[in-house]
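Presented below is the structure to which this report refers.
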Amino acid sequence: VKEVASKTADEAGDGTTTATVLAHSIFKEGLRNVTAGANPISLKRGMDKACEAILGELKKSSKVVANKTEIEQVATISANSDSAIGKMIAEAMEKVGKDGVITVEEAKG
């Protein structure tokens, strides 16, 4: 579960709570099914197919963010509708580019 949270934070930067809850539930239900006689290999294959299907649906419903205004809108929503933070994030992303890294630190003082 710790590995799931860490990998989620590294790759997505958010969603660690959701990933942890999902990992726990998958483990718990998988164990319950194996204990009841299910084949663990079949369960794994089923989970792999489910992941592929989910990723396919997410890709179909995703939208490319093409400009600073759209980046600001997404950032504002992600910042609990705080438009000032959304604007700062959009400006930072404009400076570092789509593959850049933005580090946020707590102010001292």
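The numbers here are math on the coordinates, done by the rules we state, and not lab data. Here the structure is a predicted model, which means the values were calculated and not measured. Note: ideal-geometry Cβ built from the backbone for every residue, glycine included; neighbour counts use all protein chains shown.
Plugging the Kirkwood radius over Cα pairs into Stokes-Einstein for the chain, at a temperature of 37 °C and a viscosity of 0.692 mPa s, what D comes out in µm²/s? Each step should come with its number before you reach the end.
Working: Rh = 17.1 Å.
Here the translational diffusion coefficient equals 193 µm²/s.
Just in the stretch 46-109: which trypsin sites (Lys or Arg not before Pro) are loop by DSSP and have at most 16 other Cβ atoms within 10 Å?
Working: sites: Lys49, Lys59, Lys60, Lys63, Lys68, Lys87, Lys95, Lys98, Lys108; in loops: Lys63, Lys98, Lys108.
The qualifying sites are Lys63, Lys98, Lys108.
Neighbour counts of other C-beta atoms within 10 Å: give me Val74, Val96 arranged from fewest to most.
Values: Val74 15, Val96 11.
Ascending number of Cβ neighbours within 10 Å: Val96, Val74.
Label Ala50 and Asp99 with points 7 Å out from Cα along Cα→Cβ: what is the distance between them in nm?
Inter-label distance under the simple model: 3.5 nm.
If you line up the long axis of helix 2-12 against the longest principal axis of the chain, both from Cα atoms, how many degrees apart are they, to the nearest 10?
Taking the Cα atoms of the chain, the angle to 2-12 is about 40 degrees.
Report, in degrees rounded to the nearest 10, the 0 to 90 angle that the Cα long axis of helix 40-61 makes with the longest principal axis of the chain.
Here the helix axis deviates by roughly 30 degrees.
Using only the alpha carbons of the stretch 63-109, what is the convex hull's orientation-averaged projected area in square nanometres? Working shown, then result.
Numbers: hull surface 15.3 nm².
Mean projected area of the Cα convex hull: 3.8 nm².
From the cross-link list Lys28/Lys60; Lys63/Lys108; Lys7/Lys44; Lys2/Lys68; Lys63/Lys87; Lys2/Lys49, which pairs have alpha carbons spaced over 27 Å apart? Provide the component values of the computation, followed by the final result.
On the way: Lys28/Lys60 30 Å; Lys63/Lys108 37 Å; Lys7/Lys44 20 Å; Lys2/Lys68 35 Å; Lys63/Lys87 20 Å; Lys2/Lys49 24 Å.
Check vs 27 Å cut-off fails for Lys28/Lys60; Lys63/Lys108; Lys2/Lys68.
Would you mind checking the tilt of helix 16-35 against the longest principal axis of the Cα atoms of the chain, expressed as 0 to 90 degrees and rounded to 10?
The angle comes out near 10 degrees.
Which of Asp48, Asp99, Asp82 ends up with the largest GNM mean-square fluctuation for the chain, with Cα atoms connected below 10 Å?
Sorting by GNM fluctuation, first place goes to Asp99.
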